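The values are calculated or read from the model by the stated rules, or taken from the named source; none is laboratory data. Please read these numbers as outputs of a predicted model, since none were measured by experiment. So basically every Cβ, Gly included, is an ideal-geometry build from the backbone, and we count neighbours across all protein chains shown. What goes into the accessible areas is simple: the full protein's heavy atoms, side chains included, and nothing from ligands, DNA or RNA. Shrake-Rupley method; radii C 1.70, N 1.55, O 1.52, S 1.80 Å.
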Amino acid sequence: KTKTRLNAVVKLAKRKDVGNIVNACDAGREGELIFRLIEQYAGGNKGGKYVPLGKPITRLWLQSMTPQAIRDGFDTLRSDKQMLPLADAARSRSEADWLVGINGTRAMTAFNSRDGGFFLTTVGRVQTPTLAVMVEREEQIRKHIFRDYWEIHASFLSEAGEYPAKWFDPKWKKGEDLEAKADRVWSERDAQAIVDAAKGKQATVTEESKPTTQASPLLFDLTSLQREANGKFGFSAKTTLQIAQSLYERHKALTYPRTDSRALPEDYLPTVKQTFEMLAHSGMKHLAPFAAMAIKGSYVKPSKRIFDNAKVSDHFAIIPTLQAPSGLSEAEQKIYDLVTRRFMAVFFPSAEYQVTTRITTAAQHAFKTEGKVLVRPGWLAIYGKEAAEEVTDAKEGDKGQPLVAVKPGEMVRTETAEAKGLRTRPPARY
């Protein structure tokens, strides 16, 4: 389909008045390979050997598409010698795919068709190990033997009110049994004995509180965007890519989506500031106030967590462009919002919590309660209520509610205690 273009490029490269050639393909392994293959094709074959064109080659290396970055790229072209290791890596990768794929597929197809019929069995450098990982997990699921265990849930009464807690073994250490946990008891008799010992008894309380912070998740690459869109909206990976591609190509509202990087180039700081300006004046009521807040608070600062050339090869993280979108479909709007909120959140301050761990000891049995209070929302403000709920749902019995207070030295009473029978579960499918 692209033969005419290839011929046009080759014709130009061979012209007498062309003194040297600049490789301006994507800054990465694949961009290097595409250039080398075209150069090889242009040089042609003499006696079964590839003949280079014989013109000096330089490399334009662009990690960012701002006009200044492009000018800088032309000012500091890399030498061909510098790029040879990358060219070798690219060629090896490509040939490994052929060697493994073609030979493996032929061998396995022949093997599986040995009793007649034709059973195509594809093998690949990437697909076969990936398949093996899934088969291994499937075997674990099928071999899983369900085991019964018990948890002991109690509630304690203090002067200020009642609070829940769960029995645990403070001396428990991780061993060979992967299903063992500090709060699991393996026999009903032992569980009932703990319940009988603690019920109705006085108990002592110790607690420690410490502040903790939670930074926003990193910017999206394609995989993390697909995962999030699947969890939030039920979109398939393919659907998410199509929507992101349309936002990139048609609406020019998002940057290139087929990326595996979650960082931005180090020279992108000014562009990010302009993006916040655009969002602040965009009229998108649900996003503009936060963008304005970030500008007012000077939140956009250099940070290796966000701006890091070492973590960017040919493409950087997916972020909104300087173009405010209009006429988006409902699905496009959802993906655009997802990316834009994540983009803003990464520059906002961390969320701050006060986390309290309370240990109540009744009849020499320890029960644990954890409470979590959001002190400063930071980046969570961009997501509103949904985020606070999502974040605090991380631990069972940890819904972010403040605990009822217990005075220092106060004795509390075990109001209820019960042993809950549960069963171990096999690992989940991927």
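Using the Cα centre of the chain as the reference point, and only Cβ charges (+1 on K/R, -1 on D/E), how large is the resulting charge dipole? Debye, rounded to the nearest 20.
So the dipole magnitude of the chain works out to roughly 1760 debye.
How large, in percent, is the carbon and sulfur part of the accessible surface of the chain at a probe radius of 1.4 Å?
56 percent
If you keep only loop residues by DSSP, which trypsin sites (Lys or Arg not before Pro) in segment 164-202 have at most 12 other Cβ atoms within 10 Å of their Cβ?
Here the trypsin sites (Lys or Arg not before Pro) that fit, given the DSSP loop and packing criteria, are K171, K173, K174.
In whole angstrom, and with the biggest value first, how far do the Cα coordinates of segment 40-119 range along each principal axis?
Computed over segment 40-119, the largest-to-smallest principal extents equal 64, 37, 18 Å.
If you line up the long axis of helix 188-198 against the longest principal axis of the chain, both from Cα atoms, how many degrees apart are they, to the nearest 10?
Long axis of 188-198 versus the principal axis of the chain: about 60 degrees.
Can you list residues whose amide H is under 5 Å from L254's amide H, if they're 5+ apart or on another chain and H is modeled 1.01 Å from N?
Y248, T321
Per residue, how much accessible area does segment 2-73 have with a 1.4 Å probe, in Å²?
63 Å²
From the backbone phi of segment 116-127, what are the Karplus-calculated ³J(HN,Hα) couplings (6.51 cos²θ - 1.76 cosθ + 1.60, θ = phi - 60°) in whole Hz, Gly and Pro given as x?
x, x, 10, 10, 4, 10, 7, 10, x, 4, 9, 5
For segment 399-430, which trypsin sites (Lys or Arg not before Pro) are in a loop by DSSP, counting at most 16 other Cβ atoms within 10 Å?
Answer by residue number: K399, R429.
Which whole-Hz couplings ³J(HN,Hα) result when phi for each residue of segment 218-223 is put into the Karplus expression 6.51 cos²θ - 1.76 cosθ + 1.60, θ = phi - 60°, listed in order with x for Gly and Pro?
5, 4, 7, 9, 4, 4
Report, in debye and to the nearest 20, how large the dipole of segment 78-185 comes out about its Cα centre when Lys and Arg carry +1 and Asp and Glu carry -1 on their Cβ.
It comes to approximately 560 debye.
Quick check: the distance between the Cα centres of segment 111-156 and segment 31-51, to the nearest angstrom?
43 Å
Using the Cα atoms as the points, what is the convex hull volume per residue of the chain in Å³?
239 Å³
Kindly provide the trypsin sites (Lys or Arg not before Pro) of segment 240-326 that DSSP labels as loop, not H, G, I, E or B, and whose Cβ sees at most 12 other Cβ atoms within 10 Å.
Counting only loop positions with at most 12 other Cβ atoms within 10 Å, the trypsin sites (Lys or Arg not before Pro) in segment 240-326 are R250, K252, K285, K304.
Could you report segment 131-171's accessible area per residue, 1.4 Å probe, as an integer in Å²?
65 Å²
Classify segment 257-398 as rounded, prolate or oblate from the Cα gyration tensor: take a ≥ b ≥ c as the square roots of its eigenvalues, call it rounded if a/c is under 1.5, otherwise prolate when a/b beats b/c and oblate if not.
Note, shape of segment 257-398 comes out prolate.
Report D for segment 162-293 in µm² per second (integer): Stokes-Einstein, Kirkwood Rh on Cα pairs, 25 °C, 0.890 mPa s.
117 µm²/s
Ignoring ligands, DNA and RNA, what accessible area per residue does segment 335-383 give at 1.4 Å, in Å²?
With all protein chains present, segment 335-383 gives 32 Å² per residue.
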